[in-house]
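Notes to accompany the following structure.
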Amino acid sequence: MSIVLENVTFTYMPKTPFEKTALNDVSLSVESGEFTAIIGHTGSGKTTLLQHFNGLLMPDKNKGSVYVDGEKITKKNVRDVRMKVGYVFQYPEHQLFEETVFKDIAFGLKRLKLSDEEIKERVLAAAKTVDLDEALLERSVFELSGGEKRRVAICGVLVTNPSYLLLDEPASGLDPAGKREIMKLLKSLNDRGMTIVFISHSMDDVAENARRVVIVNDGGIGLDGTPYEVFKNRELLTSWGLDVPEVTKLFDDLRIKSGLDIPHVITISEGVKLVEKLKAEGRLKL
Amino acid sequence: MRISLGRFVPGDSLIHRADPRTKLIWTIVMMVLVLMCSSWWQYLTAAVFVIGCFALSGISFKYILMSLRPIMLLLAITVIFNLLFFKGTDVLFTLGALTVYKEGVLQSVKTIIRVSLLIISASLLTYTTSSVAITDGMESLMRPLAKIGFPAHEVAMMMSIALRFVPTFADETDKIMKAQAARGADFDSGNVFKKVKSYIPVLIPLFVGAFKSAEDMATAMESRCYKGGKGRTRYKVLKFSSADLIMLIVTLVFTATVILLKYVFKI
Ligand SMILES: Nc1ncnc2c1ncn2[C@@H]1O[C@H](COP(=O)(O)OP(=O)(O)OP(=O)(O)O)[C@@H](O)[C@H]1O
Ligand SMILES: [Mg+2]
């Protein structure tokens, strides 16, 4: 089970003076169960790349193909693919439209021709997953706070039980608590076996949560590996307009200034453990 | 986003650099001129002028075809009606109850030329002039009307805001359609009613967003002390150069030629 992109090239507005090749011969595969982050500078092609995963965009003619669970995405099967591969847009709350939260969440189920009972069951289950208060379900979608709207929107995608979930900057524009909740939600979905691929501009979020990091740079794959492997390349990342997590910088500076032989650190909990260890070994006095 | 009819194509030709007022006048004169034409010679004169200006603008002739594409159907229908119902003297052929006259065919060709020339002149304006420049030019041309109470500045400002938001809404529509498609919306199947209904999930967020943008825009304008056209100075001052004068004179010459052909030489 996987999503595979094979030599994908994609051009916006082809054959016009505004032509823009946003992806250039990209090959990438995402295996079932992964928790992957896509990072890259603004305009590097992250969104374009992610939209190929469920056929929202299709590669240029004869310039590559995309396979979901071994099946090539075509115009014919694309709607079935989308039931399997959920996509949460950036600022998904802008797409809410129904009179009530319940109806909006249920929108994705229309196509499945379920009974009212089944619909209710599914909506309640999805609402529980994203920790949405049941009392909100009968409210108008336009009366919710930004964070609540975001959760309703994610809920509306989860309700079809996709096996892959793609998210474009799911935490952008939220307060720190909202961000933590979204990342926690993604983690718990992943623990339950859902494949998660998300775009993020927060290196800290990526380092803390993702198990694989793909860097998109100027329409191609710059680096691809574990967060640990990727965030070792501070200079390269900086030259691509990216950064490493704050805690990595802290321990880098510590290594240089103190001359201590300490390994790379990418998360805060790792850093804490390292400091404790150094203290116990008497190499560091606080 | 698709390229649409009349989108500004940046360039640095004589036509691009001309004062937008010149181009507006040129377009209006061209339209009247084309509508005045009745004989082949007159059409030829107008066509030479319009196509000549297009060539001067350096814009690829592909764009002519692109601007004509949306009216192909309209043209086809007009031609069919002309062929079927135009009564003349020279029978070309008969097909059952239908008689096609030579005059009908000629008339169809003229209609095609006329409509095409109209569209090409209008699109030459929009291809070579940014929407901001067009509205600036309009405001400047309408200024005399302000003396008799016509809200020239307000009309121009409304137009420029409307034009400013066209691409934004096109992008937004595209994005919302994709987002709803991602959660299983179907915009293609079913009968007409079903199809119209399937656009509700697109229209509601689009309108909510539009009202919000309008509000934001109003706040932004107010906070920059916008209070109408009175006493407002311009960053880009329109300048009427000698090139503009030459362009207008050439336009005048061609117009005069058509008038002479039509009323004096009667060819
Ligand atoms: N609809 C479009 N029409 C034309 N060009 C586009 C369109 N969408 C994106 N592009 C261009 O394609 C390139 C890649 O865009 P993309 O949206 O994938 O970037 P991104 O990495 O998601 O950036 P961001 O971090 O800002 O979201 C950019 O240069 C952008 O200008
Ligand atoms: Mg993006």
Worksheet item: If you go through segment B:193-239, how many residues are within 30 Å of A:Val123 (Cα to Cα) and more than 14 Å from chain A (Cβ to nearest Cβ)?
Response: 3
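Conditions tested, residue by residue: (1) open to solvent by 60 Å² or more (accessible area, probe 1.4 Å); (2) at pLDDT 85 or above.
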{"position": "B:Ala179", "(1), (2)": "no, yes"}
{"position": "B:Asn191", "(1), (2)": "yes, no"}
{"position": "B:Val202", "(1), (2)": "no, yes"}
{"position": "B:Glu215", "(1), (2)": "yes, yes"}
{"position": "B:Ala220", "(1), (2)": "no, yes"}
Discussion item. Tell me whether segment A:184-200 contains one or more residues that are assigned to a loop (DSSP other than H, G, I, E, B), open to solvent by 80 Å² or more (accessible area, probe 1.4 Å) and not assigned by TED's automatic domain parsing to the domain that holds A:His52.
Written reply: no
Worksheet item: In segment A:170-183, what residues are within 16 Å of ligand 2 (Cβ to nearest atom) and open to solvent by 30 Å² or more (accessible area, probe 1.4 Å)?
Response: A:Gly173
Discussion item. Here is a check on your reading of the model: is A:Gln90 surrounded by fewer than 23 Cβ atoms within 10 Å (Cβ to Cβ) and facing chain B (nearest Cβ under 10 Å)?
Written reply: yes
Item to complete: Go through the residues of segment A:117-132 one by one and say whether even a single one is assigned to a loop (DSSP other than H, G, I, E, B) and either of a type in the set (Phe, Trp, Tyr) or within 12 Å of chain B (Cβ to nearest Cβ) (or both).
Response: no
Worksheet item: Quick one: is A:Ser172 at pLDDT below 90 and within 19 Å of A:Phe35 (Cα to Cα)?
Response: yes
Discussion item. Any residue in segment A:38-51 that is on the phi < 0 side of the Ramachandran plot and within 14 Å of chain B (Cβ to nearest Cβ) sitting within a Cβ distance under 8 Å of a residue that is open to solvent by 10 Å² or more (accessible area, probe 1.4 Å) and more than 6 Å from ligand 1 (Cβ to nearest atom)? List the pairs, counting only those 6 or more apart or interchain.
Written reply: A:Thr47/A:Gln90; A:Thr48/A:Phe10; A:Thr48/A:Leu57; A:Gln51/A:Leu57; A:Gln51/B:Lys178
Practice prompt. Please state which of the following conditions A:Asp60 fails to meet, knowing it meets all the rest: (1) away from ligand 1 (no atom under 15 Å from the Cβ); (2) away from chain B (no Cβ under 14 Å); (3) of a type outside the set (A, V, I, L, M).
Written response: (1)
Worksheet, complete the sentence: The residue that is least open to solvent (accessible area, probe 1.4 Å), considering only those in segment A:67-87 that are part of a strand (DSSP E or B) and more than 21 Å from B:Lys175 (Cα to Cα), is A:Val68
Worksheet item: Of everything in segment A:211-220 that's open to solvent by less than 10 Å² (accessible area, probe 1.4 Å) and out of contact with any helix residue (DSSP H, G or I) (no Cβ under 6 Å at 6 or more places or on another chain), which residue is modelled with the lowest pLDDT?
Response: A:Gly219
Worksheet entry | Test: residue in segment B:54-64 that is among the hydroxyl-bearing types (Ser, Thr, Tyr) and assigned to a helix (DSSP H, G or I) | yes
Worksheet entry | Near pairs, Cβ below 7 angstrom, 6+ apart or cross-chain, from segment A:169-193 (within 14 Å of chain B (Cβ to nearest Cβ)) to any residue that is within 16 Å of ligand 1 (Cβ to nearest atom) and open to solvent by 20 Å² or more (accessible area, probe 1.4 Å) | A:Glu169/A:Gln90; A:Glu169/A:His201
Worksheet item: Within segment A:65-74, can one find any residue that is modelled with pLDDT of 95 or more and within 14 Å of ligand 1 (Cβ to nearest atom)?
Response: no
Discussion item. Residues that are within 14 Å of chain A (Cβ to nearest Cβ) and within 30 Å of B:Leu44 (Cα to Cα): list the helices (runs of 4 or more DSSP H) wholly contained in segment B:81-187 that include at least 1 such residues.
Written reply: B:102-128
Worksheet item: Looking at segment A:102-129, which of its residues are open to solvent by 60 Å² or more (accessible area, probe 1.4 Å) and touching a helix residue (DSSP H, G or I) at 6+ places or on another chain (Cβ under 7 Å)?
Response: A:Arg122
Fill in: Subset of segment A:232-253 (residues that are open to solvent by 60 Å² or more (accessible area, probe 1.4 Å) and assigned to a helix (DSSP H, G or I))
A:Arg234, A:Glu235, A:Leu236, A:Thr238, A:Ser239, A:Glu246, A:Leu250, A:Asp253
Response to the item:
With criteria (1) within 20 Å of A:Leu50 (Cβ to Cβ); (2) within 16 Å of ligand 1 (Cβ to nearest atom); (3) surrounded by fewer than 19 Cβ atoms within 10 Å (Cβ to Cβ), A:Gly225 comes up short on (2)
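To keep it simple, each residue is scored yes or no on (1) more than 26 Å from A:Cys155 (Cβ to Cβ); (2) among the small types (Gly, Ala, Ser).
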position	(1), (2)
A:Leu56	no, no
A:Pro59	yes, no
A:Gly70	yes, yes
A:Asn77	no, no
A:Lys84	no, no
A:Glu98	no, no
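The values are calculated or read from the model by the stated rules, or taken from the named source; none is laboratory data. Just so you know, these numbers come straight off a predicted model, no measurement behind them. So basically every Cβ, Gly included, is an ideal-geometry build from the backbone, and we count neighbours across all protein chains shown. With ligands, DNA and RNA removed, areas are computed over all heavy atoms of the protein, side chains included. Shrake-Rupley method; radii C 1.70, N 1.55, O 1.52, S 1.80 Å.
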